[in-house]
C-alpha cells in the first residue's frame, strides 16, 4: 500500500483526546495570540446554515470519514465514529487512520458507536466546539439534535454524496484551515495523477460499481449512481462513466439503483465492473444466464473487492485512504482492463 507522510500543519491548538496539547513548540501562547484573529465562519449546507463564532479547539466528527480531514491537517479530534465496515482488527479504527495517529503521536480519540445511529450522549460528553459531518447521512432530526451540542457542518447537497474534495474543502473551512485544505487536495490530485500515469491501460475505460451482489438471488442487479463517491472516483482515475449509468443518475438523487437481470443488456457499454465479494461473486455472475451476457462479465473484466476488509472499504475515497489504497486499486483495475483476473 502506498503511504504518504504529511507534515503536521502549524496550528493554534491540536487536540490529543484527553486535553488540548499544542502541536508546535510554544503552542499555548500561540493559541492565546491567535484567538483574536478568528473571524466568524458561516457555512450553508443542505440542512441549514451554521456559523462558527470562535476558533474550534475541540473537534468531534460523526458518520463516515469526516475525522480524516482534521487528522490529515494535524488536528486530532476529541471523538469520531467507530469504523463498522472494513475494520480488519476490530479496534474500530481503519489502518490508514491508525497510521496517521501514530505519525501524530496521538492516542485514539473517543469512538462513537453508530451501529444504531448517532450516540448523541457520547458526542455531548466530548464537549466539542464544532461537529464535522460534511460527508454524512444526517437527517434533519439528527442535525437539530447535534446542533444543541455544538455547531454542526452537514453535507452541501445530497446525503452520502459529498465528493472527497468537497469533504476536505468544507471540513477544513470549518476549522479555519481552508488554505491548508486546498493544499491537501492539490497534493492528493498530484499523487493520483502520478499513480494513474503508470497504468495507461485503464485510461478512458467505462466503469461501473455494482453494489453487494446477492449470489443466491441474481434476479436483479444493484449499482451505484454518479451521486456515490465510489462511482465518481473512476473519473479521478482517468476512467469514464458509462452512458447507461450517467443517464439514469441524472434522473435521481439516489446514490444506488437496481435493474432487473432481464434489463442487464442496458449495460452493454460497460468495459469494467467493480463490486464487492470474492471469487464466488465473479463465478455467480459468470454462471448466470442473463448477467453473464454483460460484456464486462463475459470477458472477465470484473474486480471483486473484499467487502469486509480495508481494501474494499478504501474504494470509497477519503482523505487518508486514497494514499493507502491507490497503487493496489489501480493494479486491480488494470488487470481487469486486460481481461485477465
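Bear in mind these aren't lab numbers, they're just calculated from the coordinates by the rules spelled out. Note that the structure is predicted; figures quoted are calculated from it, not measured. Glycine also receives a Cβ, built like all others from the backbone with ideal geometry; neighbour counts cover every protein chain displayed.
Tabulated values for the structure
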{"quantity": "For segment 236-332, average projected area of the Cα convex hull in nm²", "calculated": "6.9"}
{"quantity": "Estimated Rh, the chain: Kirkwood, alpha-carbon pairs, angstrom", "calculated": "21.0"}
{"quantity": "Viscosity 0.692 mPa s, temperature 37 °C, Stokes-Einstein D of segment 177-236 from Kirkwood C-alpha radius, µm²/s", "calculated": "230"}
{"quantity": "Ranked by how many other beta carbons lie within 10 Å on average, peptides 128-135, 224-231 from highest", "calculated": "128-135, 224-231"}
{"quantity": "Computed label-point distance, nm, for sites residue 46 and residue 85 using a 7 Å Cα→Cβ extension", "calculated": "1.4"}
{"quantity": "Separation in nanometres of the label points that stand 7 Å from Cα toward Cβ, at residue 148 and residue 203", "calculated": "5.7"}
{"quantity": "Mean Cβ count within 10 Å, highest first, over the residues of peptides 151-161, 255-265, 175-185", "calculated": "151-161, 175-185, 255-265"}
{"quantity": "Neighbour-count order for 239, 167, fewest beta carbons within 10 angstrom listed first", "calculated": "239, 167"}
{"quantity": "Prolate/oblate/rounded call for segment 40-121, Cα gyration tensor, a/c under 1.5 rounded", "calculated": "oblate"}
{"quantity": "Contour minus Cα-Cα distance for residue 215 and residue 122 (0.36 nm per residue)", "calculated": "29.7 nm"}
{"quantity": "Extension gain, residue 262 back to residue 103 (0.36 nm per residue minus Cα-Cα distance, nm)", "calculated": "52.1 nm"}
{"quantity": "Over segment 78-153, equivalent-ellipsoid semi-axes from the Cα gyration tensor in Å", "calculated": "23, 15, 11"}
{"quantity": "Alpha-carbon Rg with Dmax, taken over segment 275-317, Å", "calculated": "11.3, 33"}
{"quantity": "Part-to-part distance (alpha-carbon centres) for segment 203-220 and segment 243-311, which is given in Å", "calculated": "2"}
